[in-house]
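Worksheet for the structure shown next.
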Number of protein chains: 2
Amino acid sequence: MSQRPTIYAVAKRCGVSTTTVSRVMQDESFGSPATRERVLSVALELGWVPNGAARGLATRKAGIIGLLFPDLGELGVGEEESPLYVDQVVRGAERVTAAAGQAVLIAAVRASGGKSLAYSVAGKVDGLVIMSRSLSDKDVALIARTVPVVLLAHKPGRKSFDHVVVDNRSGAREMTSHLIEVHGYQDLVYVRGPEGSPDSHERFLGFCDSLEAAGLPVPEKPAADGGFTEAGGKKAMWQLLGSAKPPRAIVFGNDEMAIGAMDVLNKAKISIPGEVAITGFDDIAVARHVNPSLTTVKQPMRELGEQAVQLLFARLRDPKAGTKTIYLSTESVFRKSCGCGKANTNSKKGSKND
Amino acid sequence: MSQRPTIYAVAKRCGVSTTTVSRVMQDESFGSPATRERVLSVALELGWVPNGAARGLATRKAGIIGLLFPDLGELGVGEEESPLYVDQVVRGAERVTAAAGQAVLIAAVRASGGKSLAYSVAGKVDGLVIMSRSLSDKDVALIARTVPVVLLAHKPGRKSFDHVVVDNRSGAREMTSHLIEVHGYQDLVYVRGPEGSPDSHERFLGFCDSLEAAGLPVPEKPAADGGFTEAGGKKAMWQLLGSAKPPRAIVFGNDEMAIGAMDVLNKAKISIPGEVAITGFDDIAVARHVNPSLTTVKQPMRELGEQAVQLLFARLRDPKAGTKTIYLSTESVFRKSCGCGKANTNSKKGSKND
DNA sequence: TTGTACGCGTTATCAC
DNA sequence: GTGATAACGCGTACAA
């Protein structure tokens with residue numbers, strides 16, 4: 001660490017007190033223009049920047065928001081694709097935080113040593129946004145005693161936390177209803193993600209909602225397990241094709257699985273959506289480019305990050321306020337894999353066609 | 001800010017001094033097991049986490065690395081796709097930093113107020129990784145007086161900085177040579193990105209290198225300007241199609257433009273690569289999924305972030321060492337748009353086929 | 001409008 | 001192995 005100049009050096013060189021320097025750096029309009037000018041130019045000359053640690057210690061505010069996310073790369077998920085949504089959340093969070101003049105500290109929580117890192121981060125920030133699957137419920141509760149915490153995409157089980165969640169159930173419900181009402185499919189199945197995924201479960205419930213509303217038989221459980229991966233989607237597809245009567249439409253719990261399945265169908269020369277209609281969930285970047293383009297449910301990832309930070313700011317402003325849960329709705333994106341063409345065959349509010 | 005417990009509270013409750021508490025938190029093996037146990041459990045009980053600011057002030061180390069990147073979202077580039085490489089760099093940086101027990105602070109530098117934010121960040125970190133196009137050269141020089149800086153993907157003009165750069169020129173050269181030598185194309189053009197983009201220029205130079213080496217006529221400037229966007233790529237393609245003799249192969253400065261062009265060709269029923277071969281640059285996620293799959297040059301974005309942080313750590317360890325420049329090489333990815341099929345028609349070292 | 005002096009919570013330097 | 005105490009650099013009452 002090189003000898004960075006301090007506020008004392010600047011004050012001395014300016015012939016003013018540290019107080020003056022300090023204030024000039026904070027208030028846009030403080031002191032006589034002459035003093036201001038002088039302080040600012042000396043600071044620049046010396047290359048002085050207020051020390052964040054000292055400032056943080058004095059004000060008891062770090063000016064930093066922390067964002068904890070799971071290190072999905074380690075789970076063996078597809079190299080680049082899957083963890084992508086995390087990036088969008090990060091972007092959203094950064095955006096709002098920067099607008100408030102703060103900075104974002106990010107940390108992937110890994111299986112190894114992730115816990116200690118989380119605590120280290122907790123000591124450096126004013127508040128924490130914790131994404132689903134980063135930390136165990138227990139650790140979340142522990143950390144929440146130390147710094148204000150907002151949970152992201154967690155299942156809003158505990159009312160003791162601020163939450164931002166995506167309404168997975170409604171999203172799946174809307175998509176399933178589209179398949180039933182617009183395209184007239186009667187024989188639909190749902191392919192789920194990994195065991196214990198709350199997201200996958202919620203989507204299944206939405207799927208069932210629609211079947212029930214349409215008077216169709218409601219299954220007790222998903223037709224297959226694709227583990228949220230492309231490979232898993234292929235496997236699930238093979239399994240479905242091998243069954244007595246393959247379904248007319250398949251609602252996949254996410255896009256990766258849907259894309260894997262489409263690959264299988266394309267290779268088997270089974271027409272999509274002619275013989276089997278396919279829908280995904282997430283609207284990852286490639287969904288638009290696969291053939292046929294994938295009808296899916298778009299999650300507002302960026303907004304998720306934005307709202308989480310805003311919720312966190314609100315909490316910092318008023319630590320004693322009651323906890324809030326913000327629900328963000330999804331947006332159905334109708335492309336070709338469900339049977340929609342270029343024309344917009346649906347006019348539901350909040351849906352989109354491209 | 002709720003009343004967080006301090007080290008005093010913990011020390012008192014344990015019946016030891018703050019020194020002991022402090023040491024237990026740092027050394028994995030300090031003091032008698034009994035004391036350790038006691039301190040740790042009391043810390044947990046009280047929900048105490050060492051205050052980062054105070055710690056930073058005392059040690060003169062923040063334990064935080066800063067990463068500055070341009071806010072491309074504001075440039076009006078395609079919604080989600082383009083800034084994607086930033087995310088990869090962030091991931092790489094986070095990875096290495098976390099491995100060293102540090103955290104990463106990220107900040108998008110926006111046109112408005114970006115500068116002051118950059119200085120604020122500088123005060124909070126031990127060192128800074130600054131991505132190309134985030135800050136003006138002048139601001140970089142200024143900030144570099146305050147904290148150690150590593151430049152990422154900047155043109156390594158100034159020898160006074162540590163750099164990590166991608167060897168764009170070699171990448172373009174290798175790709176162009178592939179088109180000439182393996183596929184035998186004689187009539188090639190290059191489509192550039194926005195005015196003044198050093199990346200685009202380097203790639204053009206590599207393109208020219210190959211032409212010259214093959215004894216083909218070397219153009220003075222790129223055949224068209226696609227501005228690095230999909231729309232720009234379409235426009236450039238129309239322009240090329242309108243010319244007297246459309247080229248046999250087109251080397252695009254990036255993938256977006258290539259994809260835009262492919263769209264035009266597909267709609268015009270012009271066969272790729274039968275009539276026109278296409279290559280891109282970057283290997284964005286969708287490159288693999290377009291039809292035909294796009295042959296392109298992959299940039300090691302993640303590694304870029306990793307190396308930058310490692311370089312920064314080295315600099316922090318030894319502030320007086322000479323500056324270093326790390327060159328990372330690209331990797332050609334041969335898919336179908338250049339004429340390669342499933343079989344690997346090329347055996348160059350460091351290339352890849354999928 | 002400007003300056004003095006104390007406190008923020010931790011680590012490091014001594015002494016025991 | 002453990003404890004007292006002085007920094008660390010800044011913000012901010014309070015005083016002038």
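A quick yes/no check of all residues on (1) out of contact with any His (no Cβ under 9 Å at 6 or more places or on another chain); (2) among the small types (Gly, Ala, Ser); (3) in contact (Cβ under 8 Å) with a residue 40 or more places away in the chain; (4) within 14 Å of chain B (Cβ to nearest Cβ):
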site	(1), (2), (3), (4)
A:144	yes, yes, no, yes
A:162	yes, no, yes, no
A:168	no, no, yes, no
A:174	yes, no, yes, no
A:181	yes, no, no, no
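Looking at the stretch A:204-226, can you tell me whether even one residue there is crowded, with 18+ Cβ neighbours inside 10 Å and closer than 24 Å to residue B:285 by Cα?
There is at least one residue in the stretch A:204-226 that is crowded, with 18+ Cβ neighbours inside 10 Å and closer than 24 Å to residue B:285 by Cα.
Tell me yes or no: at least one residue of the stretch A:192-205 is more than 15 Å from residue A:253 (Cβ to Cβ) and either of a type in the set (A, V, I, L, M, F, W, C) or in a loop (DSSP other than H, G, I, E, B) (or both).
Looking through the stretch A:192-205, none of the residues is more than 15 Å from residue A:253 (Cβ to Cβ) and either of a type in the set (A, V, I, L, M, F, W, C) or in a loop (DSSP other than H, G, I, E, B) (or both).
Applying the selection to the stretch A:1-21, what residues are part of a helix (DSSP H, G or I) and either under 38 Å from the mean Cα position of the chain (by Cα) or more than 9 Å from DNA strand D (Cβ to nearest atom) (or both)?
A:12, A:13, A:14 - these are the residues of the stretch A:1-21 that are part of a helix (DSSP H, G or I) and either under 38 Å from the mean Cα position of the chain (by Cα) or more than 9 Å from DNA strand D (Cβ to nearest atom) (or both).
Looking at (1) assigned to a helix (DSSP H, G or I); (2) modelled with pLDDT of 95 or more, which one does residue A:250 not meet, given that it meets all the others?
Result: residue A:250 fails condition (1) only.
Please enumerate the residues belonging to the stretch A:25-54 that are within 14 Å of chain B (Cβ to nearest Cβ), part of a helix (DSSP H, G or I) and either of a type in the set (S, T, N, Q) or within 28 Å of residue B:55 (Cβ to Cβ) (or both).
The answer is A:25, A:26, A:41, A:43, A:46, A:52, A:53, A:54.
Give the residue that is farthest from DNA strand C (Cβ to nearest atom), with candidates limited to residues of the stretch A:19-41 that are closer than 21 Å to residue A:56 by Cα and exposed (fewer than 15 other Cβ atoms within 10 Å of the Cβ).
Top of the filtered list is A:28.
Is it the case that some residue within the stretch B:122-135 is at the interface with another protein chain (Cβ under 8 Å from one of its Cβ atoms) and in contact with a Pro (Cβ under 8 Å, 6 or more places away or on another chain)?
yes
Go through the stretch B:313-330 and count every residue that is more than 19 Å from the chain's Cα centre (by Cα) and surrounded by fewer than 14 Cβ atoms within 10 Å (Cβ to Cβ).
Residues that pass the stated criteria total 6.
Test each condition in (1) in a loop (DSSP other than H, G, I, E, B); (2) among the β-branched types (Val, Ile, Thr); (3) farther than 23 Å from residue A:145 by Cα for residue A:323 and report the one that comes out false.
For residue A:323, the exception is condition (3).
Within the stretch B:22-47, can you find the residues that are closer than 30 Å to residue A:314 by Cβ and near DNA strand D (Cβ under 8 Å from one of its atoms)?
Residues satisfying the conditions do not exist here.
Of all the residues that make up the stretch A:131-190, how many are under 15 Å from residue A:307 (Cβ atoms), crowded, with 22+ Cβ neighbours inside 10 Å and out of contact with any Ser or Thr (no Cβ under 9 Å at 6 or more places or on another chain)?
3
The values are calculated or read from the model by the stated rules, or taken from the named source; none is laboratory data. Bear in mind the structure is a predicted one, so any value in this text is a computation, not a measurement. Cβ coordinates were reconstructed from backbone atoms using ideal geometry, including for glycine residues, and neighbour counts include every protein chain displayed.
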